[in-house]
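Take a look at the structure set out below.
Readers should treat all values here as calculations from the given coordinates under stated rules, not as data from a laboratory. Since we're looking at a predicted model, the values are computed, not measured. Methodologically, a virtual Cβ is constructed for each residue, glycine included, from the backbone with ideal geometry; neighbour enumeration extends over all protein chains shown.
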Amino acid sequence: MRAAIVHHYGQTPVLGGIPTPRPGSRQVLISLRTAALNPIDGRLSRGDWRIMLPGAMDLDMAAALQTIGMTGLALTTWSNHSAAGLS
């Protein structure tokens, strides 16, 4: 899979390949449909707020459920559209 990755603070995010994760117990894997960098991603890559590096910039996205991990996970429908003013 591809991601915008920052390896060192102060670095511009670069598009790179990362291993596709496998969902564990009570986790899901999503398939990204679209993503964007926003000003918070810029602050994270500068080191204004510390994250574990290398790290993927992933705050703005639209996705679909791809895989459900082990049993015991109850899924409910959720939408963030109203938070963005898109009811």
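Some values worked out for this structure:
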{"read-out": "Residues of the range 10-50 classified as free of Cβ contacts under 8 Å to residues at least 24 places away in the same chain, of a type in the set (A, V, I, L, M, F, W, C) and in a loop (DSSP other than H, G, I, E, B), total", "value": "1"}
{"read-out": "Residue in the range 41-48 that is surrounded by 12 or more Cβ atoms within 10 Å (Cβ to Cβ), among the basic types (Lys, Arg) and on the phi < 0 side of the Ramachandran plot present", "value": "yes"}
{"read-out": "Residues being under 11 Å from the mean Cα position of the chain (by Cα), β-branched (Val, Ile, Thr) and surrounded by 11 or more Cβ atoms within 10 Å (Cβ to Cβ) - total across the range 6-40", "value": "1"}
